[in-house]
Amino acid sequence: MIKKVLSLMIGLSLIPTVSFAATSNEIAPLISSIDMVWMMLGAFLVFFMHAGFAMVETGFTRSKNALNILMKNMMTIAIASVLYFLIGFGLMFGETLGGFIGTSGFLLTGQTDQIGFFVFQAMFAATCATIISGAVAERIKLSSYLILTIFMTGIIYPIVGHWIWGDGWLAALGFVDFAGSSVVHLTGAVGGLMTVLVLGPRIGKYAKNKVNVIPGHNIPIGALGVFILWFGWFGFNGGSTLAADPTLIPSVIATTLLSASAGIVASALYSHMKFNRIDATLTLNGALAGLVGITAGTANVTPIGAIFIGLIAGVILVEAVQLLDHVLKIDDPVGAITVHGICGIWGTIAVGLFAVEGGLFYTGSFELLGIQTLGVISVIVWTLVTTAVALLIITSTGSIRVSREDEIAGLDFSEHGSSAYEATNSIYNENLDVKGEFGVGLLKRLDRLDQKSPDSGEQPL
């Protein structure tokens with residue numbers, strides 16, 4: 001019996017040695033595999049965010065343009081993926097030329113080991129471009145939008161990305177944008193702003209000194225889109241760790257959750273203070289404001305800092321929407337310029353305030369805050385100028401805006417010869433024993449604008 005016990009003890013003592021030897025030989029490939037799976041999961045979630053963008057834009061605009069918006073979002077991710085493979089990835093992560101632009105890695109030449117990283121980054125490129133879609137909704141030609149998407153994903157966005165995420169000059173200065181408040185969101189929003197300035201407002205939006213509300217046709221769909229975006233954002237920020245880091249990922253997910261939640265609370269309460277009611281669309285956008293706000297510093301701030309960033313983003317959202325809509329007369333149907341642009345600026349600047357390492361509130365130093373401000377200004381100037389050049393090229397052959405008749409009829413019919421919804425007796429009166437298209441005429445009247453000039457001062461039907 002004693003011999004058996006001794007033999008068992010000797011055998012057990014050898015197990016750690018054998019296991020350790022196996023671990024030493026296999027741990028590196030295992031870690032690499034887990035890291036890749038985590039990054040691919042992040043890519044899948046960011047891809048799914050495009051369904052969220054499509055639902056938000058569709059729900060917050062009129063039904064006669066729903067199909068057109070869906071097609072823009074579908075085409076955006078397809079064009080961005082191919083173009084980013086051909087040229088964008090190389091411009092963004094290739095060997096640097098003076099810290100300004102990448103010069104290698106086109107078609108992933110010599111970068112086959114980076115194919116997973118390419119997939120993840122391609123989803124970000126598409127996200128940047130689709131921000132423009134919401135800002136220019138309901139009046140831009142589909143062909144013009146798609147050409148602008150080519151410029152954005154092929155040149156404008158990748159160069160900004162090289163400055164900050166490649167071996168660019170802003171990265172060398174110490175600029176911090178962990179997941180893209182400036183790289184993705186501000187770049188897309190500034191591109192949208194420039195395009196809106198060229199397009200002008202929708203027919204009937206502004207009449208003399210009056211701002212007419214053009215409500216979205218399906219707020220529940222818009223709310224579903226916000227939930228999808230919030231869910232996908234955990235991959236957007238969490239996947240940006242690029243590794244399954246058990247110490248960093250929980251912190252990134254927590255700050256993402258808290259900032260979005262704080263953005264909702266702030267926009268809801270502030271809209272109630274301002275308008276004596278909790279505004280639904282502002283509150284929904286408040287979640288996105290908090291998410292955009294935390295994206296730059298999600299790995300650099302504490303949970304308490306994330307809450308403050310989200311609270312301030314929610315207030316900024318409400319005021320900025322009013323500023324753009326009522327003072328500057330910039331017609332942005334879904335609030336994309338405010339959410340992604342102004343809140344993107346705030347999120348980037350907030351790093352200089354709330355970052356545990358280098359933030360003003362922790363170190364008393366203005367150095368990081370100054371670098372963040374310089375980065376924001378640089379991204380705005382670059383994107384404004386290059387988008388203006390792109391639009392100049394596009395408009396050289398004609399207007400980027402649809403005709404008045406097509407805008408009134410709706411882009412679903414004029415651009416696609418179809419519609420997202422079937423306005424028939426069988427759909428709207430399935431439980432009514434009424435002859436004719438009861439109610440359909442009213443629906444069509446409510447879903448179009450008066451054909452009189454917006455300068456006449458009359459309200460849209």
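The values are calculated or read from the model by the stated rules, or taken from the named source; none is laboratory data. Being a predicted model, the structure only gives us computed values, none of them experimental. Glycine gets a Cβ as well: all are built from the backbone with ideal geometry, and neighbour counts include every protein chain shown. Heads up: the accessible areas ignore ligands, DNA and RNA and are worked out on the full protein's heavy atoms, side chains in. Shrake-Rupley method; radii C 1.70, N 1.55, O 1.52, S 1.80 Å.
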* To do: Find the residue count for segment 393-414, including only residues that are under 11 Å from Lys64 (Cβ atoms) and open to solvent by 70 Å² or more (accessible area, probe 1.4 Å).
  => 1
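Answer yes or no as to whether Ala179 is of a type in the set (Gly, Ala, Ser), closer than 18 Å to His340 by Cα and in a loop (DSSP other than H, G, I, E, B).
Working: of a type in the set (Gly, Ala, Ser): yes; closer than 18 Å to His340 by Cα: yes; in a loop (DSSP other than H, G, I, E, B): yes.
The answer is yes for Ala179.
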* Subset of segment 331-386 (residues that are farther than 27 Å from Leu193 by Cα and either in a loop (DSSP other than H, G, I, E, B) or among the hydroxyl-bearing types (Ser, Thr, Tyr) (or both)) -> Ala355, Val356, Glu357, Gly358, Gly359, Tyr362, Thr363, Gly364, Ser365, Phe366
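How many residues does segment 24-80 hold that are among the small types (Gly, Ala, Ser) and within 21 Å of Asn218 (Cβ to Cβ)? Give the steps one after another, and end with the answer.
Restricting attention to segment 24-80, the residues satisfying the condition of being among the small types (Gly, Ala, Ser) are 24, 28, 32-33, 42-43, 51-52, 54, 59, 63, 66, 78, 80.
Still in the running and within 21 Å of Asn218 (Cβ to Cβ): 51-52, 54, 59, 63, 66.
Summing the residues that are among the small types (Gly, Ala, Ser) and within 21 Å of Asn218 (Cβ to Cβ) in segment 24-80 gives 6.
Restricting to segment 295-324, give me the number of residues that are touching a residue at least 60 places away in the same chain (Cβ under 8 Å) and either of a type in the set (Val, Ile, Thr) or out of contact with any Gly (no Cβ under 9 Å at 6 or more places or on another chain) (or both).
So in segment 295-324, the residues touching a residue at least 60 places away in the same chain (Cβ under 8 Å) come out as 295-300.
If we keep only those that are either of a type in the set (Val, Ile, Thr) or out of contact with any Gly (no Cβ under 9 Å at 6 or more places or on another chain) (or both) as well, we get 295, 298-299.
Result for segment 295-324: 3.
Looking at this structure, is Val211 surrounded by fewer than 20 Cβ atoms within 10 Å (Cβ to Cβ), touching an Asp or Glu at 6+ places or on another chain (Cβ under 8 Å) and β-branched (Val, Ile, Thr)? Let's see the steps before the verdict.
Working: surrounded by fewer than 20 Cβ atoms within 10 Å (Cβ to Cβ): yes; touching an Asp or Glu at 6+ places or on another chain (Cβ under 8 Å): yes; β-branched (Val, Ile, Thr): yes.
Yes.
Report, by residue number, each residue of segment 324-343 that is aliphatic (A, V, I, L, M) and open to solvent by less than 30 Å² (accessible area, probe 1.4 Å). It would help to see each step written out before you state the result.
First pass over segment 324-343, keeping only residues aliphatic (A, V, I, L, M): 324, 327-328, 330, 334, 336-337, 339, 342.
Passing the criteria: Leu324, Ile330, Val334, Ala336, Ile337, Val339.
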* Would you call Ser133 of a type in the set (Ser, Thr, Tyr), within 16 Å of Thr153 (Cα to Cα), open to solvent by 10 Å² or more (accessible area, probe 1.4 Å) and assigned to a helix (DSSP H, G or I)? -> no
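Please indicate, with yes or no, whether at least one residue in segment 238-250 is open to solvent by less than 50 Å² (accessible area, probe 1.4 Å) and closer than 17 Å to Ile309 by Cα. Explain how you work it out, then say what you get.
We begin by selecting, within segment 238-250, every residue open to solvent by less than 50 Å² (accessible area, probe 1.4 Å); these are 238-241, 243-244, 248-249.
Checking the rest, the ones that are also closer than 17 Å to Ile309 by Cα come to none.
No, every residue in segment 238-250 fails to be open to solvent by less than 50 Å² (accessible area, probe 1.4 Å) and closer than 17 Å to Ile309 by Cα.
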* Scan of segment 218-237 for residues that are in a helix (DSSP H, G or I) and either open to solvent by 10 Å² or more (accessible area, probe 1.4 Å) or of a type in the set (Asp, Glu) (or both), ordered by number -> Ile219, Pro220, Ile221, Ala223, Leu224, Phe227, Ile228, Trp230, Phe231, Phe234
* Restrict the check to segment 329-337 and report whether at least one residue is modelled with pLDDT of 95 or more, within 17 Å of the chain's Cα centre (by Cα) and more than 21 Å from Ser182 (Cα to Cα). => yes
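Go through the residues of segment 143-164 one by one and say whether even a single one is part of a loop (DSSP other than H, G, I, E, B) and on the phi < 0 side of the Ramachandran plot.
From segment 143-164, those part of a loop (DSSP other than H, G, I, E, B) are none; that's our starting set.
Scanning segment 143-164, I find no residue that is part of a loop (DSSP other than H, G, I, E, B) and on the phi < 0 side of the Ramachandran plot, so the answer is no.
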* First in segment 64-83 and free of Cβ contacts under 8 Å to residues at least 60 places away in the same chain, second anywhere and aromatic (Phe, Trp, Tyr), Cβ under 9 Å, 6 or more apart -> Ile77/Phe47
